[in-house]
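The values are calculated or read from the model by the stated rules, or taken from the named source; none is laboratory data. The structure displayed is predicted, hence computed values, not measured ones. Virtual Cβ from ideal backbone geometry, glycine too; neighbours counted across all protein chains shown. To get the accessible areas, we keep the full protein, side chains included, count just its heavy atoms, and leave off ligands, DNA and RNA. Shrake-Rupley method; radii C 1.70, N 1.55, O 1.52, S 1.80 Å.
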Amino acid sequence: MASHSSNLWQRWFDVKELKINTSSREELKDITSKVKRSVSDIGLEDGICVLYVPHTTAGITINESADPDVATDIVSQLEEIAPRDKGYRHREGNADAHIKSSLIGNTTRIFIENGSLQLGTWQGIFFAEFDGPRSRTVWIKTS
Amino acid sequence: MASHSSNLWQRWFDVKELKINTSSREELKDITSKVKRSVSDIGLEDGICVLYVPHTTAGITINESADPDVATDIVSQLEEIAPRDKGYRHREGNADAHIKSSLIGNTTRIFIENGSLQLGTWQGIFFAEFDGPRSRTVWIKTS
Amino acid sequence: MASHSSNLWQRWFDVKELKINTSSREELKDITSKVKRSVSDIGLEDGICVLYVPHTTAGITINESADPDVATDIVSQLEEIAPRDKGYRHREGNADAHIKSSLIGNTTRIFIENGSLQLGTWQGIFFAEFDGPRSRTVWIKTS
């Protein structure tokens, strides 16, 4: 019993790292199956899967994964909301990416029941790249 | 003691479902009292209430509930930010709703102390409908 | 052992309060060191630090803290996205602040490992003031 609890403890407190490679400057990349595999490795039956992006020019969002046009529309409209070239003060040419990151957010969560991620019927998990292409990381922790 | 822990365990891991009926295409619907009732049913004294919307054309947000004009202004300005008709690629006529969903977010959390939700003085919890009217669901889990 | 668990329990369930003074109407104020001190006081080795803003005209976001121009650009672009004067229905002259609050969000979280906050290399935690200057509060809970 003590040993069972302590294994559970371990699984809760472990942070896993997902490696993501993006292929364009701006892109919503579907990482649902990667996250599912990772949660399955952790082996938690019931709880919450927390995802955290440690970057400042990227984010994470949950949206429709059936039609890839949805992801494309989100990226295009964000470009209207925070255009790339606009005389920003930040001199690295990626101020728009920082703004988009704060609008979309860098962390989300999904419930786990009976060992599987509880997504809605049409939902997928997207890594939101705004200043790629790059090698990126997503941290996963369950609680 | 063992039995007390195991009840607590149960309460933590249980996901409850709120049913929401929206009445317009776009609407911020105040669900504060529904969430309060649900948290009171769960009976957790101290913890965190996590809310999750399993839809891709809706979201959840915390904002002022005293003056209903605030909710109206948020909905109207989102329509400026992501107009309904704009030649999006997604063919179902609700690309704007998907974009708004990612901007507002589909999950939030509120602290619980002494068995009650800890909202700020002016705060209410709003279900954000962007492609209604529909029957919708919000998942609640405490941790 | 029982006493160790119960201390841990206490630390988990305690909500701490940060006091923030903002100095302009709109401002992203870096509160990273304040949050770090608070997490260090709580003394949790591994877990999640949850931050919650109990206001409806402010928010919280994680973004680059190295170059202060990034924060300035985010504030300026939000003013384009939801301009201050626009004939909103809410009569208190701060409808834009409510809209910005829902776009940025009022809650976030950061992982804790080995007693320290796990932020990405360039990340800082910002209190987002949209209707200041004011005395504000951020609630912190670990889980």
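Some observations on this one:
- Nonpolar atom fraction for chain A, defined as the carbon and sulfur part of the 1.4 Å probe accessible area, stands at 45 percent.
- Separation between Cα centres of the range C:79-115 and the range B:47-85, rounded to whole Å: 11
- Cα gyration tensor shape for the protein assembly as shown, rounded if a/c is under 1.5, else prolate or oblate: rounded
- Taking the range B:2-142 and dividing mean pair separation by its residue count, relative contact order in percent (alpha carbons under 8 Å, at least six apart): 49
- Sorted shortest first, the distances from the B:S116 label point to those of the same residue in the other copies are 4.1, 4.1 nm; each point sits 7 Å from Cα along Cα-to-Cβ.
- Per residue, the convex hull spanned by the Cα atoms of chain A measures out at 102 cubic angstrom.
- The A-C contact accounts for roughly 2700 square angstrom of buried accessible surface, both chains included, probe 1.4 angstrom.
- Extending 7 Å from Cα along the Cβ direction at C:D30 and again at B:D30 yields two label points whose distance is 4.0 nm.
- Using only side-chain charges placed at the Cβ, +1 for Lys and Arg and -1 for Asp and Glu, the dipole size of the protein assembly as shown relative to its Cα centre rounds to 780 debye.
- Other-copy label distances relative to B:R91, 7 angstrom Cα-Cβ extension, nm: 4.9, 5.0
- Karplus 3J(HN,Hα) series, Hz, for the range B:37-51 with 6.51 cos²θ - 1.76 cosθ + 1.60 (x for Gly, Pro): 4, 5, 5, 5, 4, 5, x, 7, 6, 9, x, 10, 9, 9, 10
- Exceedance of the 32 Å cut-off in Cα-Cα distance is limited, within the set A:K16/B:K36; A:K86/B:K34; A:K19/B:K141; B:K19/C:K36; C:K16/C:K86, to A:K16/B:K36; A:K86/B:K34; B:K19/C:K36; C:K16/C:K86.
- Label geometry 7 Å along the beta-carbon vector: B:D69 inter-copy distances in nm: 4.0, 4.0
- Qualifying GluC sites (Glu not before Pro) in the range B:41-143, DSSP loop, other Cβ atoms within 10 Å at most 12: B:E45
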